[in-house]
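A short reminder: the numbers here are calculations on the coordinates, not readings from a lab. All values derive from a computational prediction rather than experimental measurement. Heads up, the Cβs are rebuilt from the backbone with ideal geometry, glycines too, and the neighbour counts pull from every protein chain shown.
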Amino acid sequence: MTEAKTILLVEDEIESGEMLANFLELKDYSVLWAQEGKKALQLIEDKAHEIDLAILDIMVPYHDGKEICKHIRNHPVLSDIPVLFLTARDEEVDEIEGLNLGADDYIKKPAGLNLIKARIESQLRRMSPEKAHWLKYDHVYLDTETKQMFINDELVDLTHTEYLIAELFFRHPKIVYSRADILQHITDEEKYIFDRTVDVHIKNLRIKMKEEEKLIKTYRGLGYGFNREYLKR
């Protein structure tokens, strides 16, 4: 399931921020824009699993770009994402300090929008192999390496079988699986189970997903799968 990459933009200049955010959205990026440091830190906590890259101005109120960069590098989810400084400060010492803090690139203002886009794409190409193990829809995430589900950045306590069923649906959201199909997928985990046991696993999975249980749909007479109504949004 492919979604637009999400960029955290921290820029206090309204005109510059609007111009860059609008440009990136036209290029099919999703943008979370904060005009000051407190808002940026709140977005980091609330939207951690959504953010793929951060663009930080150094001189923003409350918590500057350097502090935000440190916070990102120490964050359990975001520590490996690309961070770009975009700033009017052009002293070499500032650039060196930014890179030493963990920034991946340092872009001096004024910079053309297409140049910024090219730098973003370059960083995301480098990053994509590390993030390839994430499957996500909205704020529901599956980590296919650790076999864990997160909803709103909180770990959902699934059994391994429940996780395997969820991953099957998330990997192939347009396919409806019969009970026999699902049994075949999990048979190595549970060798002696019956068709109706699948219903129990899916019922338990839905209970644990709480409000997000709507993502799993029963297709009457066919089986189960990802709710395709949500693919249209």
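Please report Ile216, Ile96 as a ranked list, fewest other C-beta atoms within 10 angstrom at the top and most at the bottom.
Working: Ile216 19, Ile96 11.
Ranking Ile216, Ile96 by Cβ neighbours within 10 Å, fewest first, gives Ile96, Ile216.
Provide the packing ranking of 55-61, 9-15, i.e. peptides ordered by the mean count of other C-beta atoms within 10 Å per residue, highest first. Before the final figure, lay out each step's value.
Numbers: 55-61: 20.4, 9-15: 18.3.
The peptides rank, most packed first, as 55-61, 9-15.
Among Ser122, Ser79, which comes first, second and so on when ranked by fewest other beta-carbon atoms within 10 Å? Mind dumping the intermediate values first?
Values: Ser122 14, Ser79 10.
The most exposed by this proxy come first: Ser79, Ser122.
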- Cα-based Rg (one decimal) and Dmax (whole number) for the stretch 135-232, in Å? 12.5, 38
- Of the options Met59, Leu155, Val200, report the single residue whose Cα projects farthest towards the positive end of the charge dipole of the chain (beta-carbon charges: Lys, Arg +1; Asp, Glu -1). Val200
- Which whole-number value in Å³ per residue fits the convex hull of the alpha carbons of the stretch 6-132? 95
- For the stretch 6-132, size of Cβ-based charge dipole, Lys and Arg +1, Asp and Glu -1, in debye: 360
- How high is the FRET efficiency between Lys108 and Glu15 when r is their beta carbon distance and R₀ equals 22 Å, given to the nearest 0.05? 0.80
- Would you work out the relative contact order for the stretch 135-232, in percent, from Cα pairs under 8 angstrom that are 6 or more residues apart? 26
- Item | Inter-site label distance for Lys27 and His172 at 7 Å from Cα along Cβ, in nm | 3.6
- Message: Sort Lys136, Lys70 by Cβ crowding within 10 Å, fewest neighbours at the top.
- Response: Lys70, Lys136
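Compute the relative contact order of the chain as a whole-number percentage, counting only Cα pairs closer than 8 Å that sit 6 or more residues apart in sequence.
Details: 348 pairs, mean separation 31.7, N = 233.
RCO, the chain: 14 percent.
Return the calculated 222 nm mean residue ellipticity for the chain, to the nearest 500 deg cm²/dmol, obtained by summing -39500 (n - 2.57) across DSSP H runs with n ≥ 4 and dividing by the residue count.
Details: 8 runs with 95 residues, N = 233.
Value at 222 nm, helices only: -12500 deg cm²/dmol.
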- Query: What are the ³J(HN,Hα) values, in whole Hz, obtained from phi via the Karplus relation 6.51 cos²θ - 1.76 cosθ + 1.60 with θ = phi - 60°, for each residue of the stretch 141-147 in sequence order, with x given for Gly and Pro?
  - Reply: 10, 10, 9, 6, 7, 8, 6
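Taking all pairs of different Cα atoms in the chain, averaging 1/r and flipping that mean, what Kirkwood radius in angstroms comes out? Before the final figure, lay out the partial values.
Numbers: mean 1/r = 0.0511 Å⁻¹.
The Cα-based Kirkwood calculation yields 19.6 Å.
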